[in-house]
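One structure is given here, and the rest of the page talks about it.
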Amino acid sequence: MTALFRRGMGALGLPSAEMNTVLSGELPADAVILGLPFDAGVPGVPGQRHGPEIFRKLSPTHDWTVDDSGALGGLIDPVTRDAVLPGRRVFDLGDLGDVPIDPRVSRGAYYRTLARLSEQLAKTAAIPVFIGGDHSLSAPAAAGVAAVHGPLHFVCFDAHCDFSARPMPDVTDITHADFLGHLLQNNAISGAELFGIRTYLPAGCGPLPDGLRCTYSYSPDQATTWDDRPTYLSIDLDVIDPAEFPATGHPEAGGYRLRELLTAVEHVCRTRRVVAVDIVEALQDDRENRATSATVSATVMTCLRALLESPQEREKTG
(Lines give C-alpha, C1' and ligand atoms only; values in the text may rest on other atoms or scores of the structure.)
Protein backbone atom coordinates (compact mmCIF):
# COMPACT_ATOMS: atom_id res chain seq x y z
CA MET A 1 0.00 0.00 0.00
CA THR A 2 3.05 2.27 0.25
CA ALA A 3 2.74 3.34 -3.39
CA LEU A 4 -0.69 4.82 -2.71
CA PHE A 5 0.75 7.77 -0.79
CA ARG A 6 3.94 9.77 -0.43
CA ARG A 7 5.40 10.21 3.03
CA GLY A 8 6.07 13.76 4.20
CA MET A 9 4.90 15.45 1.02
CA GLY A 10 1.74 17.09 2.36
CA ALA A 11 1.02 20.05 4.60
CA LEU A 12 2.25 19.67 8.19
CA GLY A 13 4.58 16.91 6.99
CA LEU A 14 1.60 14.61 6.46
CA PRO A 15 1.56 12.05 3.67
CA SER A 16 0.00 13.14 0.41
CA ALA A 17 -2.29 11.00 -1.73
CA GLU A 18 -4.42 11.10 -4.85
CA MET A 19 -8.12 11.82 -4.48
CA ASN A 20 -9.26 8.75 -6.40
CA THR A 21 -7.46 6.32 -4.09
CA VAL A 22 -9.45 7.65 -1.12
CA LEU A 23 -12.78 7.87 -2.96
CA SER A 24 -12.44 4.29 -4.24
CA GLY A 25 -11.70 2.94 -0.76
CA GLU A 26 -8.33 1.67 -1.89
CA LEU A 27 -6.68 3.95 0.68
CA PRO A 28 -8.69 4.10 3.93
CA ALA A 29 -8.51 7.49 5.65
CA ASP A 30 -9.74 8.96 8.92
CA ALA A 31 -9.43 12.54 7.65
CA VAL A 32 -8.27 14.33 4.52
CA ILE A 33 -7.15 17.88 3.80
CA LEU A 34 -8.31 19.53 0.57
CA GLY A 35 -7.39 23.03 -0.56
CA LEU A 36 -9.99 25.23 -2.25
CA PRO A 37 -8.04 28.04 -4.00
CA PHE A 38 -11.05 30.09 -5.07
CA ASP A 39 -12.29 33.57 -4.16
CA ALA A 40 -14.82 34.48 -6.86
CA GLY A 41 -17.50 34.63 -4.16
CA VAL A 42 -15.95 37.84 -2.83
CA PRO A 43 -17.17 41.01 -4.55
CA GLY A 44 -14.64 43.16 -2.73
CA VAL A 45 -11.12 42.32 -1.53
CA PRO A 46 -9.75 39.21 -3.34
CA GLY A 47 -6.72 37.10 -2.48
CA GLN A 48 -8.31 34.30 -0.45
CA ARG A 49 -7.52 31.89 -3.28
CA HIS A 50 -3.91 31.90 -2.07
CA GLY A 51 -4.88 30.46 1.33
CA PRO A 52 -4.09 26.79 0.59
CA GLU A 53 -0.80 27.71 -1.06
CA ILE A 54 0.33 29.81 1.92
CA PHE A 55 -0.71 27.06 4.35
CA ARG A 56 1.23 24.33 2.53
CA LYS A 57 4.40 26.25 1.73
CA LEU A 58 4.90 27.63 5.23
CA SER A 59 3.28 25.07 7.54
CA PRO A 60 5.56 23.33 10.06
CA THR A 61 6.91 19.97 8.88
CA HIS A 62 6.29 17.54 11.73
CA ASP A 63 8.51 14.46 12.02
CA TRP A 64 5.79 11.85 11.62
CA THR A 65 6.53 8.19 11.21
CA VAL A 66 4.16 6.59 8.71
CA ASP A 67 3.74 2.82 8.39
CA ASP A 68 2.89 1.00 5.19
CA SER A 69 -0.86 1.48 5.74
CA GLY A 70 -0.46 5.23 6.14
CA ALA A 71 -0.97 5.21 9.92
CA LEU A 72 0.73 8.07 11.76
CA GLY A 73 3.11 7.93 14.70
CA GLY A 74 6.32 9.49 15.89
CA LEU A 75 5.01 12.59 17.70
CA ILE A 76 4.26 13.20 21.36
CA ASP A 77 2.65 16.15 23.11
CA PRO A 78 5.12 17.23 25.82
CA VAL A 79 2.33 18.83 27.85
CA THR A 80 0.21 15.68 28.15
CA ARG A 81 2.96 13.13 27.34
CA ASP A 82 0.51 11.48 24.93
CA ALA A 83 1.05 10.40 21.35
CA VAL A 84 -0.31 12.76 18.70
CA LEU A 85 -2.83 11.18 16.30
CA PRO A 86 -1.46 7.66 16.95
CA GLY A 87 -2.48 5.18 14.29
CA ARG A 88 -4.67 7.68 12.46
CA ARG A 89 -4.58 7.97 8.68
CA VAL A 90 -4.63 11.61 7.53
CA PHE A 91 -3.74 12.54 3.95
CA ASP A 92 -3.27 15.80 2.09
CA LEU A 93 -5.17 15.47 -1.21
CA GLY A 94 -3.85 18.69 -2.73
CA ASP A 95 -6.17 21.33 -4.18
CA LEU A 96 -9.38 21.38 -6.16
CA GLY A 97 -8.01 23.36 -9.08
CA ASP A 98 -4.66 24.93 -9.84
CA VAL A 99 -2.77 27.00 -7.27
CA PRO A 100 -3.95 29.69 -7.45
CA ILE A 101 -6.94 28.81 -9.60
CA ASP A 102 -7.63 31.01 -12.62
CA PRO A 103 -10.16 33.59 -11.33
CA ARG A 104 -11.95 33.44 -14.67
CA VAL A 105 -13.15 29.90 -13.91
CA SER A 106 -16.95 29.87 -13.72
CA ARG A 107 -18.27 30.17 -10.18
CA GLY A 108 -21.07 27.75 -10.96
CA ALA A 109 -18.70 25.13 -12.37
CA TYR A 110 -16.41 25.33 -9.35
CA TYR A 111 -19.25 25.24 -6.81
CA ARG A 112 -20.95 22.27 -8.47
CA THR A 113 -17.67 20.35 -8.75
CA LEU A 114 -17.01 20.98 -5.07
CA ALA A 115 -20.53 19.86 -4.10
CA ARG A 116 -20.11 16.58 -6.00
CA LEU A 117 -16.68 15.97 -4.51
CA SER A 118 -17.89 16.81 -1.01
CA GLU A 119 -20.72 14.31 -1.42
CA GLN A 120 -18.29 11.62 -2.58
CA LEU A 121 -15.99 12.26 0.39
CA ALA A 122 -18.96 12.10 2.78
CA LYS A 123 -19.63 8.56 1.57
CA THR A 124 -16.19 7.48 2.79
CA ALA A 125 -15.11 7.22 6.42
CA ALA A 126 -12.86 10.27 6.07
CA ILE A 127 -13.66 13.64 7.62
CA PRO A 128 -12.81 16.35 5.08
CA VAL A 129 -10.98 19.48 6.26
CA PHE A 130 -11.34 22.11 3.53
CA ILE A 131 -8.85 25.00 3.38
CA GLY A 132 -10.18 28.07 1.55
CA GLY A 133 -10.62 30.18 -0.26
CA ASP A 134 -13.53 32.50 0.52
CA HIS A 135 -16.50 31.72 2.74
CA SER A 136 -18.96 31.16 -0.10
CA LEU A 137 -17.30 27.75 -0.53
CA SER A 138 -19.04 26.58 2.63
CA ALA A 139 -22.31 26.42 0.71
CA PRO A 140 -21.40 23.79 -1.91
CA ALA A 141 -19.21 21.90 0.55
CA ALA A 142 -22.01 21.68 3.12
CA ALA A 143 -24.62 20.88 0.46
CA GLY A 144 -22.57 17.91 -0.71
CA VAL A 145 -22.17 16.57 2.82
CA ALA A 146 -25.89 17.07 3.47
CA ALA A 147 -26.75 14.93 0.44
CA VAL A 148 -25.33 12.00 2.42
CA HIS A 149 -26.03 12.86 6.06
CA GLY A 150 -29.28 14.79 5.68
CA PRO A 151 -29.79 18.38 6.89
CA LEU A 152 -26.77 19.48 8.90
CA HIS A 153 -26.39 21.59 12.00
CA PHE A 154 -24.07 24.44 11.05
CA VAL A 155 -21.61 25.77 13.67
CA CYS A 156 -19.58 28.77 12.58
CA PHE A 157 -16.98 31.10 14.07
CA ASP A 158 -17.15 34.41 12.20
CA ALA A 159 -17.14 38.16 12.75
CA HIS A 160 -20.11 38.50 10.39
CA CYS A 161 -23.57 37.00 10.08
CA ASP A 162 -23.37 35.76 6.49
CA PHE A 163 -27.12 35.65 5.89
CA SER A 164 -29.71 37.16 3.62
CA ALA A 165 -33.37 36.24 3.24
CA ARG A 166 -33.40 37.12 -0.47
CA PRO A 167 -34.28 34.15 -2.70
CA MET A 168 -31.19 32.09 -3.57
CA PRO A 169 -32.45 28.94 -5.29
CA ASP A 170 -29.18 28.26 -7.09
CA VAL A 171 -25.67 28.15 -5.65
CA THR A 172 -24.54 30.71 -8.24
CA ASP A 173 -26.79 33.26 -6.50
CA ILE A 174 -24.62 33.37 -3.37
CA THR A 175 -21.69 35.43 -2.15
CA HIS A 176 -19.40 34.94 0.82
CA ALA A 177 -21.63 37.33 2.78
CA ASP A 178 -25.01 35.61 2.42
CA PHE A 179 -24.50 31.89 1.69
CA LEU A 180 -26.34 30.80 4.86
CA GLY A 181 -29.60 31.96 3.29
CA HIS A 182 -29.04 29.56 0.40
CA LEU A 183 -28.29 26.62 2.72
CA LEU A 184 -31.39 27.26 4.83
CA GLN A 185 -33.68 27.80 1.85
CA ASN A 186 -32.53 24.53 0.29
CA ASN A 187 -32.75 22.55 3.55
CA ALA A 188 -29.07 21.63 3.47
CA ILE A 189 -28.86 22.84 7.07
CA SER A 190 -31.54 22.65 9.74
CA GLY A 191 -30.13 25.51 11.78
CA ALA A 192 -26.98 27.47 12.53
CA GLU A 193 -25.07 28.74 15.55
CA LEU A 194 -22.70 31.62 14.83
CA PHE A 195 -20.07 32.70 17.36
CA GLY A 196 -17.81 35.76 17.31
CA ILE A 197 -20.44 37.98 15.66
CA ARG A 198 -19.70 41.66 16.19
CA THR A 199 -20.99 43.50 13.10
CA TYR A 200 -24.39 44.78 11.99
CA LEU A 201 -26.56 43.31 9.26
CA PRO A 202 -28.50 45.51 6.81
CA ALA A 203 -32.23 45.41 7.58
CA GLY A 204 -32.87 44.33 4.00
CA CYS A 205 -31.17 41.02 4.73
CA GLY A 206 -33.89 40.05 7.21
CA PRO A 207 -35.97 38.73 8.69
CA LEU A 208 -33.66 36.35 10.53
CA PRO A 209 -35.08 32.84 10.83
CA ASP A 210 -35.63 31.26 14.24
CA GLY A 211 -33.06 28.58 13.46
CA LEU A 212 -30.25 31.10 13.11
CA ARG A 213 -28.59 32.02 16.41
CA CYS A 214 -25.91 34.73 16.53
CA THR A 215 -23.80 35.56 19.57
CA TYR A 216 -20.26 36.63 20.38
CA SER A 217 -19.04 34.36 23.16
CA TYR A 218 -18.60 30.62 23.05
CA SER A 219 -18.72 29.29 26.59
CA PRO A 220 -17.77 25.61 26.72
CA ASP A 221 -19.96 23.80 29.21
CA GLN A 222 -17.88 20.93 30.55
CA ALA A 223 -21.12 19.06 31.35
CA THR A 224 -22.24 19.16 27.72
CA THR A 225 -23.49 15.80 26.54
CA TRP A 226 -22.68 14.38 23.13
CA ASP A 227 -24.68 16.02 20.33
CA ASP A 228 -25.28 13.36 17.68
CA ARG A 229 -26.61 15.69 15.00
CA PRO A 230 -24.38 15.70 11.91
CA THR A 231 -22.53 19.01 12.24
CA TYR A 232 -20.63 21.11 9.75
CA LEU A 233 -17.95 23.28 11.40
CA SER A 234 -16.91 26.45 9.59
CA ILE A 235 -14.10 28.72 10.78
CA ASP A 236 -13.83 32.15 9.18
CA LEU A 237 -10.48 33.50 10.32
CA ASP A 238 -11.80 37.05 10.57
CA VAL A 239 -13.28 35.91 13.89
CA ILE A 240 -9.77 36.53 15.27
CA ASP A 241 -8.94 40.06 16.37
CA PRO A 242 -7.02 41.86 13.60
CA ALA A 243 -4.34 42.89 16.10
CA GLU A 244 -3.44 39.19 16.21
CA PHE A 245 -4.51 38.10 12.71
CA PRO A 246 -4.71 40.96 10.18
CA ALA A 247 -4.43 38.87 6.99
CA THR A 248 -8.11 38.57 6.19
CA GLY A 249 -10.33 40.45 3.77
CA HIS A 250 -12.80 41.94 6.25
CA PRO A 251 -11.12 42.42 9.65
CA GLU A 252 -13.26 43.57 12.57
CA ALA A 253 -11.88 44.94 15.83
CA GLY A 254 -12.71 43.28 19.12
CA GLY A 255 -12.32 39.66 18.04
CA TYR A 256 -11.15 36.43 19.59
CA ARG A 257 -7.59 35.68 20.57
CA LEU A 258 -6.22 32.63 18.73
CA ARG A 259 -6.04 30.57 21.91
CA GLU A 260 -9.67 31.46 22.66
CA LEU A 261 -10.69 30.27 19.20
CA LEU A 262 -8.71 27.02 19.42
CA THR A 263 -10.27 26.19 22.80
CA ALA A 264 -13.76 26.74 21.40
CA VAL A 265 -13.06 24.74 18.23
CA GLU A 266 -11.63 21.87 20.25
CA HIS A 267 -14.75 21.77 22.40
CA VAL A 268 -17.06 21.72 19.38
CA CYS A 269 -15.09 18.84 17.85
CA ARG A 270 -15.19 16.83 21.07
CA THR A 271 -18.85 17.28 21.89
CA ARG A 272 -20.55 17.17 18.47
CA ARG A 273 -20.61 14.73 15.57
CA VAL A 274 -18.60 16.91 13.21
CA VAL A 275 -18.70 15.44 9.68
CA ALA A 276 -16.79 18.18 7.84
CA VAL A 277 -14.70 21.28 8.59
CA ASP A 278 -13.69 24.33 6.60
CA ILE A 279 -11.16 27.05 7.43
CA VAL A 280 -11.58 30.09 5.19
CA GLU A 281 -10.84 33.76 4.45
CA ALA A 282 -7.06 33.85 4.91
CA LEU A 283 -5.75 36.61 2.67
CA GLN A 284 -2.51 36.89 0.71
CA ASP A 285 -0.27 39.42 2.47
CA ASP A 286 3.48 39.15 2.00
CA ARG A 287 4.11 40.69 5.43
CA GLU A 288 1.85 38.22 7.22
CA ASN A 289 2.10 34.93 5.29
CA ARG A 290 4.14 33.10 7.92
CA ALA A 291 1.73 34.11 10.67
CA THR A 292 -1.18 33.13 8.43
CA SER A 293 0.23 29.66 7.83
CA ALA A 294 0.98 29.23 11.54
CA THR A 295 -2.60 30.19 12.42
CA VAL A 296 -4.15 27.83 9.86
CA SER A 297 -1.77 25.05 10.88
CA ALA A 298 -2.65 25.38 14.56
CA THR A 299 -6.36 25.35 13.72
CA VAL A 300 -6.03 22.25 11.51
CA MET A 301 -4.06 20.34 14.14
CA THR A 302 -6.56 21.31 16.85
CA CYS A 303 -9.44 19.97 14.74
CA LEU A 304 -7.65 16.75 13.80
CA ARG A 305 -6.63 15.90 17.36
CA ALA A 306 -10.03 16.70 18.85
CA LEU A 307 -11.84 14.71 16.15
CA LEU A 308 -9.61 11.67 15.82
CA GLU A 309 -7.85 10.91 19.08
CA SER A 310 -9.38 8.35 21.42
CA PRO A 311 -11.78 9.45 24.18
CA GLN A 312 -9.10 8.77 26.78
CA GLU A 313 -6.61 11.01 24.97
CA ARG A 314 -9.25 13.72 24.47
CA GLU A 315 -9.86 13.87 28.21
CA LYS A 316 -6.17 14.35 28.87
CA THR A 317 -5.84 17.14 26.31
CA GLY A 318 -8.82 19.10 27.61
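Quick notes on this one:
- Carbon plus sulfur fraction of accessible area for the range 171-318, probe 1.4 Å, in percent: 50 percent
- Under a Gaussian network description of the chain, with springs only between Cα atoms under 10 Å, the residue in T80, T124, T215 that fluctuates furthest is T80.
- For R166 and S69, the FRET efficiency from 1/(1 + (r/R0)^6), where r spans their Cβ atoms and R0 equals 51 Å, is about 0.55.
- Residues in the range 105-125 that a label on N187 would reach, taking backbone N under 16 Å of a point 7 Å out along Cα→Cβ: none
- Expressed as a fraction of 2.2 N^0.38 Å, the C-alpha radius of gyration for the chain is 0.93.
- The tail of the calculated P(r) for the range 73-203 beyond 18 Å holds 61 percent of all Cα-Cα pairs.
- Under Karplus coefficients 6.51, -1.76 and 1.60, residue-wise ³J(HN,Hα) of the range 79-90 in Hz, glycine/proline x: 6, 9, 6, 9, 5, 9, 6, x, x, 7, 10, 10
- Put simply, the amide H of H153, placed in the peptide plane, has neighbours under 5 Å in S190, T231, Y232, leaving out anything fewer than 5 places away on its chain.
- Amide H contacts under 5 Å for I33, placed H, 5+ residues apart: F91, D92, L93, V129
- Mean accessible surface per residue for the chain, computed with a 1.4 Å probe while every protein chain stays in place, in Å²: 41 Å²
- Considering the range 1-155, its Cα convex hull presents a mean projected area of 10.1 nm².
- Relative to the compact-globule estimate of 2.2 N^0.38 Å, the Cα radius of gyration of the range 194-277 comes out at 1.20.
- Relative contact order (%) - criterion: Cα under 8 Å, at least six apart; region: the chain: 20 percent
- For the chain, a Gaussian network of Cα nodes joined below 10 Å ranks L208, L258, L152 by mean-square fluctuation, and the top entry is L208.
- Note on the chain: GNM, Cα springs under 10 Å; of T225, T292, T199, the largest mean-square fluctuation is that of T225.
- P(r) weight above 22 Å for the range 176-318, C-alpha pairs, percent: 44 percent
- Karplus 3J(HN,Hα) series, Hz, for the range 3-15 with 6.51 cos²θ - 1.76 cosθ + 1.60 (x for Gly, Pro): 5, 7, 8, 10, 4, x, 9, x, 4, 6, x, 6, x
- Calculation over all alpha carbon pairs of the range 118-178 in 5 angstrom steps from 0 returns a P(r) of 4, 15, 25, 27, 19, 8, 2, 0 percent.
- The range 82-98 versus the range 174-248: alpha-carbon centroid distance in Å: 26 Å
- Fraction of beta bridges assigned by DSSP in the range 1-143 that are antiparallel (%, nearest 5): 35 percent
- Histogram of C-alpha separations across the range 243-290, 10 Å bin width, %: 20, 44, 30, 5
- Calculated over the range 230-312: convex hull of Cα atoms, volume per residue (Å³): 87 Å³
- In this rough spin-label picture, where each label sits 7 Å from Cα along the Cβ direction, the W226-K123 distance is 2.7 nm.
- Distance between the modelled labels on E18 and A203, one decimal in nanometres: 5.8 nm (7 Å Cα→Cβ projection).
The values are calculated or read from the model by the stated rules, or taken from the named source; none is laboratory data. Remember, predicted model here, so these are calculated numbers, not experimental data. Note that each Cβ is placed from the backbone with ideal geometry, even for glycine, and that neighbours are counted across all protein chains shown. Side chains are part of the model used for accessible areas, which takes the heavy atoms of the whole protein and leaves out ligands, DNA and RNA. Shrake-Rupley method; radii C 1.70, N 1.55, O 1.52, S 1.80 Å.
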